[in-house]
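Input: a single structure, listed below in structure tokens.
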Amino acid sequence: MTDDRWCLEFPSTIAGEGRRILHEVANYFELAHHSQGKDKGRRAFMYPRSQFIDKQESERKKLEKERDKLREKYKDRSFIAEPLSECKTFREQVMRQIWEE
């Protein structure tokens with residue numbers, strides 16, 4: 001039996017690009033993750049999907065709202081070029097989905 005009651009907290013000294021990479025690593029290893037804080041105090045967290053269920057749900061809802069806003073904003077626009085096929089950010093993923101629709 002494994003102990004899945006852990007959480008990695010990364011310091012606020014990691015800049016935005018570094019946090020983005022940490023989120024990609026978490027996705028690769030199928031871990032839950034989020035960032036918290038503002039500006040220079042922003043920190044990244046990684047943990048098993050069995051931990052912090054409420055936080056994961058609030059993050060999911062926040063991303064769904066962001067996706068809906070992007071869909072509304074770009075629903076009647078045509079793209080000048082095809083969006084990236086290897087999406088690294090949530091925004092890139094949504095833009096690719098909109099383009100494919």
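Structural remarks
- Structure-derived semi-axes √(5λ) of the Cα gyration tensor in Å - corresponding label in [x] 26, 13, 12; [y] 20, 19, 14; [z] 29, 16, 14: [z]
- Distance (nanometres) between label positions extended 7 Å along Cα→Cβ at Glu86 and Glu17: 1.7 nm
- Asp39/Arg67 FRET efficiency (R0 35 Å; Cβ-Cβ; nearest 0.05): 0.90
- The modelled label-to-label distance for the pair Arg77/Tyr28, using points 7 Å beyond Cα in the direction of Cβ, is 3.1 nm.
- Cα shape, the stretch 53-101, gyration tensor, a/c 1.5 rule: oblate
- In order along the stretch 41-52, the Karplus-derived 3J(HN,Hα) couplings, from 6.51 cos²θ - 1.76 cosθ + 1.60 at θ = phi - 60°, round to x, 6, 10, 9, 10, 10, 6, x, 5, 7, 9, 6 Hz, and Gly and Pro are given as x.
- Here the contact order of the chain, divided by its residue count and restricted to Cα pairs under 8 Å and six or more residues apart, works out to 24 percent.
Each value in this text was obtained by applying a stated rule to the coordinates, not by laboratory testing. Worth saying up front: this structure is predicted, and the values here are computed from it rather than measured. Don't worry about glycine lacking a Cβ; one is built from the backbone with ideal geometry, like all the others, and counts go over all protein chains shown.
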